[in-house]
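FYI, it's all coordinate maths here, none of it is from the lab. What you see is a predicted model, and the numbers here were worked out from it, not measured in a lab. Positions of Cβ are backbone-derived with ideal geometry, glycine not excepted, and every protein chain shown enters the neighbour counts.
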Amino acid sequence: MSNRKYQRNIYNRKVSYSVAAVDYMGTIDNISSDGVHIITETPVKIGKGDTVMITLASADMEKDIKEAKIIWADDSGFGAKFKT
């Protein structure tokens, strides 16, 4: 049983994100209304508590920029909680 408040959904979609005004690309592995797991294409120097800006694009090409707080990070990716 998961202790997550919101169910994560497999997403597998390319995403752009920025950390400290530097842009990166990655792949959203899973997402919920509360947070996201992103697999990075290159290692990014980020740590727990850092802020990341994530640009989500919908099927109709509308963009939604979400601010999130890093919960964990390693060389393969990171998990972040959306700020409300």
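General remarks:
- Top of ALA20, ALA68, ALA59 by mean-square fluctuation, Gaussian network on the chain, Cα under 10 Å: ALA59
- Coil-residue chymotrypsin sites (Phe, Trp or Tyr not before Pro) of the chain, DSSP, other Cβ within 10 Å capped at 16: TYR6
- Nitroxide proxy distance, nm - points 7 Å out along Cα→Cβ at ASP23 and LYS83: 2.1 nm
- The candidate values were (i) 14.1; (ii) 12.9; (iii) 15.1; the one computed from these coordinates for Kirkwood radius over Cα pairs in Å carries the label (ii).
- Modelled FRET efficiency - R0 22 Å, ILE10 with ASP34, Cβ distances, 0.05 increments: 0.90
- Distance between modelled label sites at ASP75 and THR55, nm, 7 Å Cα→Cβ extension: 2.8 nm
- Sequence-separation-based contact order of the chain, relative, with Cα cut under 8 Å and 6+ spacing, percent: 25 percent
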